[in-house]
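**Q** Could you have a look at this structure, given as structure tokens, before my questions?
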Amino acid sequence: EDLEERDMFYKGLFPPNFAWGAATSAYQIEGGWNEDGKGPSIWDDYSHEWKITKNQTGDIACDSYHRYKEDVQMLKKLGVSHYRFSIAWSRIMADGTLNSLNKKGIDYYNNLINELLAYNIQPMVTLYHWDLPSALQKTDGWKDPEIVDKFAKYAEVCFVNFGDRVKFWITINEPFVVSWLGHGIGIMAPGVKEPAIGVYNVTHNIIKSHVKVYHLYNEKFRSRQHGKVGITLDCDWKEPLTYDAMDRYSAERSLKFKLGWFADPIFGQGDYPAVMKRFVARKSEQQGYSNSRLPEFTDEEKKQNKGAADFLGLNHYTTNLVGYKNRDNENSSYEADQDTVLSFDPCWNKSESDWLRVNPWGIRKLLKWIKNRYRSPVIYVTENGVSDDGQMDDVSRQRYYTKYINEILKSIKLDNVDVRGYMAWSLMDNFEWGSGFTQKFGLYHVDFDIDSRPRTPKASTVTYSKIIKDNGFH
Ligand SMILES: O=S(=O)(O)CCCN1CCN(CCO[C@@H]2O[C@H](CO)[C@@H](O)[C@H](O)[C@H]2O)CC1
């Protein structure tokens, strides 16, 4: 492409009301894991029982439970207009139910929301960012059909207590990770290994939970609170390994298994992607199952699913190359169901995370795919960023943000994709799940060896705040 098109920053600006922000999540930053009546979550259990890298835990993390005012000051210095954070379900309901409502937990989030608004920063609140109350996991957690009502009751407590000031709600962060990484191959909490059946039942309940909460908001809160309710889905761009038809079909199928799994029911026709139903049914039959391992929605549920979101939150980090591979000879699993094989192009720069390679044009292709498949939904990029090992002069992060944000500007200006905001992952270094504190994603550095968890701006804070100042937030 010509220079003119490649460097959109010299050609156009983001829309004036574009939502520039930064993102975090409760377990990764708060600490105070058992303070003031908070109940344990599956990530407290997982980090206490399992050997996270270097036996690290989120017990203290960035200590934002005590230092949230410092976090707001960092956001102010960045010049952002929005802050995406999550509420820990077990901090406001210790055992996940109304029997254990915890006023001090509710107070914490009210204080944080009020501090943000005092500095004219809009809260974008994720209800579930992987930290299920341990008590609910004891009754099978997301595999339990009752979870749908339990999640709706938790959401209602949040709408009642915070909905007068919170106008952006994200129900669930990355159902893919909850289902596949948490219940399929079990490398994330709760670490349940059920790659053939559990993974699909969990997803079925997650979609029902989101849909129930969307309609609850519609019927009981929207007319008074006038907010928006969406869901955040993560997806890598899937580029064909070669341009052979089988590879091209495999890349497209991979997008439908990864993103379409959740997006088709909610932003599409109300049901799972046709290719997913076909492949899982065929594999299930070959494997001797009497029914497909993929659950089915009733016609009424499909009607409830369709259009049940005001926006699509997209978490995007990287691109995969996808080739065809017949996997009939493998044990039954979500991965094998797809008959695909994933790889990276060696020319894509590495990061500190082995699943994350840098390929900026991937986000533009993905945004265009979403626009075309779901008839131009409202999109917020709710996470984008890169890991390194904590250098203060973080050139790779400066380049990553500059180039990925430039691609998003092309999406808006050249592809007419309705992207309305961008939340950089992450405001500060934090607990990177199974990798503990070893992979750094922050615009701000945090020193986890010092009790006061001092926050220090990295070079990329200058880059990001300049992009915001030059390109949109007036
Ligand atoms: O290579 S493995 O398969 O053995 C381990 C994969 C671990 N996954 C990678 C993809 N990531 C999706 C993005 O996950 C998001 O991005 C951030 C960075 O991960 C997280 O900190 C955020 O909380 C999360 O929302 C979730 C965790």
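**Q** Ignoring ligands, DNA and RNA, what percent of the accessible area of the range 134-233 is carbon or sulfur (1.4 Å)?
**A** 57 percent
**Q** If you roll a 1.4 Å probe over the range 332-474 with all protein chains in place, what percent of the accessible area is carbon or sulfur? Numbers along the way, then the final one.
**A** Numbers: 2640 of 5340 Å².
So the carbon and sulfur contribution to the accessible surface is 49 percent.
**Q** ³J(HN,Hα) across the range 72-77 via Karplus (A = 6.51, B = -1.76, C = 1.60, θ = phi - 60°), whole Hz, x for Gly/Pro?
**A** Couplings: 5, 5, 5, 5, 4, 5 Hz.
**Q** I would also like to ask the following. At q = 0.06, 0.09, 0.13 Å⁻¹, what base-10 log of I(q)/I(0) does the Debye formula yield for the chain when every alpha carbon is treated as an equal point scatterer in vacuo?
**A** -0.24, -0.56, -1.29
**Q** Separate question: Would you compute the Debye intensity of the range 8-114 from its alpha-carbon atoms alone, equal scatterers and no solvent, and pass along log10 I(q)/I(0) at q = 0.21, 0.22 Å⁻¹ to two decimals?
**A** Those come out to -1.11, -1.18, one per q.
**Q** Turning to a different aspect of this structure: Please compare each pair in Lys54/Lys325; Lys258/Lys410; Lys212/Lys277; Lys228/Lys302; Lys138/Lys228; Lys54/Lys350 to a cut-off of 27 Å on the Cα-Cα distance and tell me which ones are over it.
**A** Those over the limit are Lys54/Lys325; Lys138/Lys228.
**Q** Sticking with this structure for a sec: Is the range 273-328 rounded, prolate or oblate when judged by the Cα gyration tensor, a ≥ b ≥ c being the square roots of its eigenvalues, rounded requiring a/c under 1.5 and prolate requiring a/b larger than b/c?
**A** Because a/c hits 1.5 or more and a/b fails to exceed b/c, the range 273-328 counts as oblate.
**Q** On a C-alpha basis, how far is the centre of the range 24-103 from the centre of the range 306-335 in Å? Whole number, if you could?
**A** 29 Å
**Q** Another one. Over the alpha-carbon set of the range 39-169, work out the extent along each principal axis and list the three values in angstrom, largest first.
**A** Each principal axis gives a Cα extent; for the range 39-169 these are 42, 38, 22 Å.
**Q** Binning every alpha carbon pair distance of the range 160-265 at 10 Å from zero, what are the percents per bin?
**A** Taking every Cα pair in the range 160-265, the percentages come to 14, 34, 29, 18, 5, 1.
**Q** Working from the alpha-carbon coordinates of the range 408-474, get Rg over Rh, Rh being the Kirkwood radius.
**A** So for the range 408-474, dividing Rg by the Kirkwood Rh gives 1.10.
**Q** Hey, what did the range 272-347 get for relative contact order, percent, Cα under 8 Å, at least 6 apart?
**A** Averaging sequence separation for qualifying contacts and normalising by length gives 28 percent for the range 272-347.
**Q** In debye to the nearest 20, how big a dipole does the chain give about its Cα centre with +1 on each Lys and Arg Cβ and -1 on each Asp and Glu Cβ? If you can, show how the numbers build up before the last one.
**A** Working: 61 positive and 64 negative charges, 264 e Å.
That gives the chain a dipole magnitude of about 1260 debye.
**Q** Rank by packing, highest mean first: peptides 51-59, 307-315, with packing defined as the count of other Cβ atoms within 10 Å averaged across residues.
**A** 307-315, 51-59
**Q** Still on this structure, I have one more. If you roll a 1.4 angstrom probe over the protein chains with everything in place, what fraction of the accessible area of the range 45-95 belongs to carbon and sulfur, to the nearest %?
**A** 51 percent
**Q** Tell me, what ³J(HN,Hα) does each residue in the range 173-187 have, in order and in whole Hz, if you take phi through Karplus 6.51 cos²θ - 1.76 cosθ + 1.60 with θ = phi - 60° and put x for Gly and Pro?
**A** 8, 6, x, 4, 5, 4, 7, 6, 6, x, 10, x, 9, x, 8
**Q** For Asn329 and Glu300 in the same chain, what is the full-extension length gain: residue separation times 0.36 nm, less their Cα-Cα distance, in nm?
**A** 6.8 nm
**Q** Taking just the C-alpha trace of the range 300-367, give me its Rg and Dmax in Å.
**A** Gyration radius and largest Cα-Cα distance of the range 300-367: 16.6, 48 Å.
**Q** Beta carbons within 10 angstrom, averaged per residue: use that to sort the peptides 349-359, 433-443, highest first.
**A** 433-443, 349-359
**Q** Filter the cross-link list Lys69/Lys458; Lys167/Lys365; Lys150/Lys220 down to pairs whose alpha-carbon distance in this structure exceeds 23 Å.
**A** Distance filter (> 23 Å) returns Lys167/Lys365.
**Q** Once the Cα atoms of the range 224-318 are picked out, what are the Rg and Dmax in Å?
**A** According to the Cα coordinates of the range 224-318, Rg and Dmax are 15.8, 54 Å.
**Q** Residues of the chain: accessible area per residue at 1.4 Å, in Å²?
**A** On the way: 18080 Å² over 474 residues.
For the chain, the per-residue accessible area is 38 Å².
**Q** Tell me the mean residue ellipticity at 222 nm calculated for the chain from its helices only (DSSP H runs of n ≥ 4, each -39500 (n - 2.57), averaged over every residue, nearest 500).
**A** The helix contribution divided over the chain gives -11500 deg cm²/dmol.
**Q** Turning to a different aspect of this structure: Can you give the three extents of the C-alpha atoms in the range 336-452 along their principal axes, from longest to shortest, in whole Å?
**A** 49, 36, 25
The values are calculated or read from the model by the stated rules, or taken from the named source; none is laboratory data. As the structure is a prediction and not an experimental result, all values here were calculated from the model. Backbone-built Cβ (ideal geometry, glycine too); neighbour counts: all protein chains shown. The protein model used for the area step is the full one, side chains on, heavy atoms only, and it has no ligands, DNA or RNA in it. Shrake-Rupley method; radii C 1.70, N 1.55, O 1.52, S 1.80 Å.
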